[in-house]
Amino acid sequence: MCKRVCILLTSIFLLLNVSILSDSSGIYRYVMGEKEEMLIDYNYVVVDIENEELVDWNNIFASEDALDVAYTPVHFFGNSYRLKVNNKIETANLVSSLSSYINIKESNYTFKTSWGEDYYLGNGITVLFNKEVAKSIVDSIISVNNLELIRHSPYMPELYFFEAPGKTKKEQLNIANEIYEGGFAESSLLGYIIRIILCSPPLPPNDYYYNLQYYLHPDTTDFEEAFEYTLTSDTIEIALLDSGLEPHEDLPAGKMKGRSYVYGYSSDYGLNDKCNDSMPASCYHGIAVAGLIAASTDNSIGMAGTCDQVNIRMQKISNEYRWANTIGLRLAFGAARDSGAAIISNSWIFNFDNTLGQTAEDVDPVLWGMIGNAVDSGIVVIWAAGNCDLPEPYLQCGEAMPFASGHPDVICVGATTKADYRWDYSFYDSTGYLVDVMAPGVDIFSLDQMGTDTGYHKGDIPSTNYISGTVLDGTSFAAPIVAGLAARIMARRPDFIGQPDSIKQVIYHSTGNGWSHPDSSQEDSHTKTYQMGYGRINAARAMLAISRGDVDNTTALNILDVLYIIAYKYEGGPPPTPNVLLGDADCSGHINILDAVYLINHISNGGPRPPLCYRF
């Protein structure tokens, strides 16, 4: 989700490998060899001015009836301003007339792509010459077209940046076209073609109760910034082993499936199954867990899920008395493993009363082996650490980790408080360092059973359909937050699907933003402690770590990113968003020409893609 409110103008450089032609049907460009129509947007014009302080806007608006006087000129890049037209049939005359005003250098149309994006032609010509083109040919092109070389880096000898003094943008465009169409260049394009985005800074999701979801806010896990990273179209499959699921207004029914394995065999389990109102744990736990991952985000109702671009498969493993059958657990886990799930999330443990004196492997060696096999097959398995020093299930903090959160192949998740300390009842093993990461697990807001006087809430505030933060505490609710982050990483980078070790690395080493542990006041996402693991997760850092070089936030690495970096560093262009460090493609800690070189080597020469980078 990339959420913007259309108020202000910013600019994003799109430097395209294009040739643009005009014919009777409009203007075209060729993007990566594909012909793409660009239509004139007669609702706006763009003017380039000499000196903002000397432009008499009042005189211009009084003289040009075709301008919308209610629309304030909006500065969006360099010396360019966008004006709104109130009489579209006069746009062509207006473009010509505006160029005659003192201190207006040039006036042009804005353009709209076939899918509705607004563009404006910029100044300068950028050429990536073919490697076999001799320098004498380059010199000839410069001479014939009266170009001035303004930048040529020894790190990228084929890449040239020209200015064309005295030429309009359309004339510059013709020169760029001729170079490209002559076969001299891999790309030859206007110095920048600006995509005009009317927007304010990103806003939080508009879900009605989002303010109660402290665990997604910037001072905790910062999913709020993570939501700004564009995702691919891939939908991630997640299996939950839990108490059940049923329809909810904030869960997309088409993305929910389920079967029951409670009694040691598989049975149809539809979303319409109802919970046993006399024993709330029969189903409401599963609804709350599912909501933390998959609740529809930015839909004006309910809450925001950590990644709603998922399909949820609920494997029901317990009845209304929290009883589970060992054979049923094995069947449920096996079905989850074989269902095509990329992630299996577990918010349950064995009752230690029945397993005292046994090693974790001895509790159920079959299921223990199945967990390892699932991870070996490419599935990310996440497990709640368990709750301790509570009357039930009689676990003592610091003792041997309960089954199966102590499995070495799973991501074991503990719970933090609102203050980013370990929740007093979050299980840990004082000798095994088996807790891997932490996530908020106290005062968690989530979904409840729909209806009046039912579910966890029994009609409590704020709604009969949701659970307020006075009810849900536990590692059960920390684990799905981590599962949502894993899903979000995969949806951004589908190449991470089937790569559990890579997912672990990203989540473990992007923790931070203030977490602390008993042994040190220093934040260090590469140090593991027995109580806090690698620390509390940070979704924004994780998304940044996997996205270096994708400065235009499209999920694709291409020449546009190279020239965006150059425009930002040397042409006064806008910074990469949602985080300027996207421009640090080589993970050096600096943004400079070497980042553009790194991307060119990856895009054109098959070099490595930008590394996973944990400089924040």
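Quick look at the values:
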item: Cα-Cα over 29 Å, subset of K257/K418; K105/K135; K131/K504; K316/K504; K105/K569; result: K257/K418; K105/K135; K131/K504
item: Cα→Cβ-extended label distance, 7 Å offset, between E50 and D424, nm; result: 7.4 nm
item: Amide N of the stretch 538-567 lying under 16 Å from the label point, which is placed 7 angstrom from the Cα of Q505 along Cα→Cβ; result: 542-548
item: For Y42, net neighbour charge (Lys/Arg +1, Asp/Glu -1) across residues whose Cβ lies under 13 Å away; result: -1
item: Radius 14 Å from Cβ of P608, net charge of other residues (Lys, Arg +1; Asp, Glu -1); result: -1
item: Using a Förster distance of 56 Å, the FRET efficiency for S604-N206 (Cβ separation, nearest 0.05); result: 0.85
item: Calculated FRET value between K528 and S100, using beta carbons and R₀ = 56 Å, to 0.05; result: 0.25
item: Interchain or long-range residues, amide H under 5 Å from G398's placed H; result: Y428, S430
item: FRET E, pair H217, W323, Förster distance 30 Å, beta-carbon r, rounded to 0.05; result: 0.20
item: Carbon/sulfur fraction of accessible area - the stretch 538-616, other protein chains in place, 1.4 Å, %; result: 52 percent
item: Extension gain from A556 to S266, taking 0.36 nm per residue of separation minus the Cα-Cα distance; result: 100.2 nm
item: In order through the stretch 530-545: 3J(HN,Hα) via Karplus (6.51 cos²θ - 1.76 cosθ + 1.60), integer Hz, x for Gly, Pro; result: 6, 9, 10, x, 8, x, 7, 4, 9, 5, 5, 5, 4, 5, 5, 4
item: Percent accessible area from carbon and sulfur atoms, the stretch 31-155, protein chains only, probe 1.4 Å; result: 48 percent
item: Computed magnitude of the charge dipole of the stretch 47-149 (debye, nearest 20; Cβ of K, R +1, Cβ of D, E -1); result: 380 debye
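The values are calculated or read from the model by the stated rules, or taken from the named source; none is laboratory data. Keep in mind the model is a prediction, meaning the values are calculated, not measured. When we count neighbours, we look across all protein chains shown, and the Cβ atoms used for this are built from the backbone with ideal geometry, even at glycine. Note: areas computed on protein heavy atoms with side chains; ligands, DNA, RNA excluded. Shrake-Rupley method; radii C 1.70, N 1.55, O 1.52, S 1.80 Å.
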